[in-house]
Amino acid sequence: MEHLFGSMYCYWLLTSSIQFLATGRDAAATQYDYVYQKKNRFRFSYLMMLLCLTVVMTNNIVMTTVRMNKDIYSTTDYLRKPPLRNMLFITTHMSDRHIENLKSCWPLVLENSLLLNTTDVFVFLNCDESKLNEATELLQSTFYRQKLTIHTTNENTADKQRGAMAALTEAAEKKWLDNYDWVICLNPDVIVRDHSFLLNAMENDVDASALLINCRLWSSSISSPKILTGFFAIKPEVLPPDAFLNPTGRDAEDAFTNDIFDSILKNNTHRYIPDADSKNTACCAGALKHMKDTPITHFYLPASKICPVPISDHPGASFFNRLNWQGLPFNAKDAAKTLGFNQQIWDEEKVWPMVFGKHWNDTTEGERDALQTLGYFEKGWEAKGNIIRDDENSNEENKGKETTDEVNSQEVSWQNLWFGENTRKEDEPHEEPNEVDIIVTYCHAGDFESSIDHFENIFPEQIESVHLQIMSKCNQENVLDEHLKERLIGLPRWQFSIHPLENKGGCDLSVAHYIVDFLRQHPNPDNASNRVAIFLKDGPRTPKNFHVPGSHYRSLEEMFSIASSGRFVCGSKIHSQISAYHDIKALSTFMMNTYKRYNSEKTSSGENFTRGYKNLGDFVEKSMTWSWPNETFVEVCYGGTFAFHVSNLYNNDFLLKDLSRVIDILEAGRDLSIVEHFMERLWAALISKPLNKAEKIAMLKPPKSISKNIVTPGQLFLDLDRFHWQGLPSHAKDAAKTVGFNQQIWDEGKVWPEVFRKHWKDMTEDERDALTTLGYFEEGDLIER
């Protein structure tokens, strides 16, 4: 119709012009008038034809644009809808945990989440006045791309439950939530890893009015809900006028549940977020679940600086991930083709082009340009989690093949693996553990008792028995027996036993005795109880009592949680660039000829100490009927404290048959020996399940180097020299600033800070800590990488 109208109008103009040109001048006209009007007839005709041409061209351009826009946008309903106006409502009292999460985790969250990085942000800030300026600056730097409103108050924050409802009450009174389609409420230590369910429900489920987490889904016998306030999303329009104004209930969760019961829960317009509930009685997002198994996690460990990386909606954290192949604009489609996409690969999302397995620095210039067009950028590229395929079709010769036969690919996070924290579905026990053994190597300190109440609080209800096993080395059995009987009164799940041992072999003798005794009592894995074993020392779990560089004590909660998933987990949690994994060849060279215990003046050396071994490899070859699980990397746990599910003990014939040899060696002689240090470096390899193929490939991904330190030979560490300043993790950047780096010095690499001219012993404690974080360690009197 538009073409027809344009043609008819142009035809009318042309015929009118021709008719006007053919019209004669009346006879009374003078020659001058005739010439003048003839010229004007030609001018008028020229203008009419020009106007006609303009109409036709404009009509064609408009129609082409309309047609092109139909081709681009008609394939997705999302673009036909006005964008949702959402608010991110954050409540915080700026605890150390909240501060660390805002610094270390939220930049990555916002980079990956199209849902959260396009909202207005409202922060209910309840902190001491002394923290106010720092807190405000931190919030402004975190949400600098978004409209940010900060409401400050300095009410008493000790009552967190009251504080949680106070924010909602004031929001209702002052109508902060009005005029928004959705309000997403959370705390800074709640991390949304996977936004797909939230996005889909908000945009496509017209009946949904709230996206919630029910704290009581763990029990099939409890029908009444209890809704978590640590994270929820809600449509303000469905709330009654008095919602949140008069909270009633024992805690914030009860009060919130009561307030939304009639308007939402009773009408069944809520949606529970799949897999975001707790596995135990804790009213906490994703409690006791590994972070990869829950879309939302309450992240308890900010000091680790290792954040639960959010999953960006592939392809790219950009607008194009909402479109199918036919709906892509021309430039985006060309970029996708450059990377190896075609219509089938893009629309089905079952396999990914090989470029997604490369480091950013290893991509070509054309690939980088194409990736940026689709919304991928260097910052955060490694952290987004690329796909590692654990099948035979993912090798180099199949790069160009476009096939969907590679569906059975396994995604491995090299970050979790790097620090010894990854878990595998196939390793998870069929049931949650119902027993816990806590093994303590005891002499005289007794500080482990402070952990008893803590364990009682963190162990879920399904733990029926907690067996405290004291490996007593200093003839304190009678005193311990009386004391523990009194100490465990009122704790019906708890029992204890005392095992006298010789004061030799360190905590490694205790580990060996426990494993040998357990396997004697439970030779058949089918009859073994479903339990977790946790090994502790009797000293305080404080920084002053911790001596593993680049690490700190892992929380008891995390030790239990990861071990419950079937994994060996070290009690030392790495917060620097070092890895839990070591190069086996270099590790085998480990040897010390002298040793002095911490806070002791006595030095051990000579034949009694070395026992005739040349190094760790020599010990493995001569005294163990065991060989390394692979030829590349193996996990090592320093510090003598770790945990595991007992099912791991049945994977290794050496543990089942020959570990008693190690007991004999540790108990031989009059003093400590190098064998303690050998075993410290072997327990993780003996108990952990070997790396699978996908994990071996993942370990090859990050740029790394191998430590030459005499105490930790073979330990892998991230090669930060290959990172630009802007790409450094926040804790590495802070460490670099401490020793004198800035962006120019780091990126240019032409000069080095003055600290690198010092001997290690002449540095300040802060300088040594910062260098350790960056992967530098003391080697005699020098700095070694």
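The values are calculated or read from the model by the stated rules, or taken from the named source; none is laboratory data. From a predicted model like this one, the values you see are computed outputs, not experimental measurements. Note that we place each Cβ from the backbone using ideal geometry, even for glycine, and neighbour counts take in every protein chain shown. The protein model used for the area step is the full one, side chains on, heavy atoms only, and it has no ligands, DNA or RNA in it. Shrake-Rupley method; radii C 1.70, N 1.55, O 1.52, S 1.80 Å.
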Integer Hz, Karplus 6.51/-1.76/1.60 couplings in order for segment 258-275, x for Gly and Pro: 4, 5, 9, 5, 5, 7, 10, 5, 5, 8, 6, 9, 8, 10, 7, 6, x, 6
Cut-off under 5 Å, modelled amide H: who pairs with residue 284 long-range: 278
Radius of gyration, Dmax [segment 226-287; alpha carbons; angstrom]: 12.0, 35
Computed accessible area, residue 451, all protein chains, 1.4 angstrom probe, square angstrom: 10 Å²
Extension reserve of the residue 238-residue 207 stretch, reckoned as 0.36 nm per residue once the Cα distance is removed: 10.1 nm
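Send over the semi-axes of segment 479-605's equivalent ellipsoid, whole angstrom and largest first, taken as the square roots of 5 times the C-alpha gyration tensor eigenvalues.
Details: eigenvalues 161, 94, 70 Å².
The answer is 28, 22, 19 Å, longest axis first.
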With all protein chains modelled, accessible area of residue 497 [1.4 Å, Å²]: 30 Å²
3J(HN,Hα) from dihedral phi, segment 132-144, Karplus parametrisation 6.51/-1.76/1.60, rounded to Hz, x for glycine, proline: 5, 5, 4, 5, 5, 4, 5, 5, 5, 6, 6, 10, 5
FRET efficiency, 1/(1 + (r/R0)^6) with R0 60 Å, evaluated for residue 758 and residue 475 via beta carbons: 0.80
Residue 545-residue 517 pseudo-label distance in nm [points 7 Å out on the Cα-to-Cβ vector]: 2.2 nm
Theoretical gain in end-to-end length, residue 131 to residue 342 [0.36 nm per residue, Cα-Cα removed]: 70.7 nm
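In square nanometres, what is the average projected area of the Cα convex hull of segment 568-648?
On the way: hull surface 29.7 nm².
Average projection, Cα convex hull of segment 568-648: 7.4 nm².
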Per-residue HN-Hα couplings for segment 572-588 [Karplus 6.51, -1.76, 1.60; θ = phi - 60°; Hz; x = Gly/Pro]: 9, 9, 7, 10, 10, 8, 6, 10, 6, 9, 10, 6, 5, 4, 6, 4, 4
Amide N proximity, segment 227-242 versus residue 262 label position 7 Å along Cα-to-Cβ, cut-off under 14 Å: 239-242
Net charge dipole size for segment 614-748 [Lys, Arg +1 and Asp, Glu -1 on Cβ; Debye, nearest 20]: 260 debye
Distant-in-sequence amide H partners of residue 551 (H built 1.01 Å from N, under 5 Å): 575
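For segment 182-246, would you read off the P(r) tail past 18 Å as a percentage of all alpha carbon pairs? Can you show the working numbers first?
Values: 994 of 2080 pairs.
When all Cα pairs of segment 182-246 are counted, 48 percent exceed 18 Å.
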Label-point separation in nm, residue 502 to residue 650, each point 7 Å along Cα→Cβ: 3.3 nm
Pairwise label distance in nanometres, residue 692 with residue 464, each label 7 Å out on the Cα-Cβ vector: 3.1 nm
Cα pair distances in segment 578-715, grouped into 10 Å bins until the bin that holds the longest one, percent each: 11, 40, 36, 12, 1
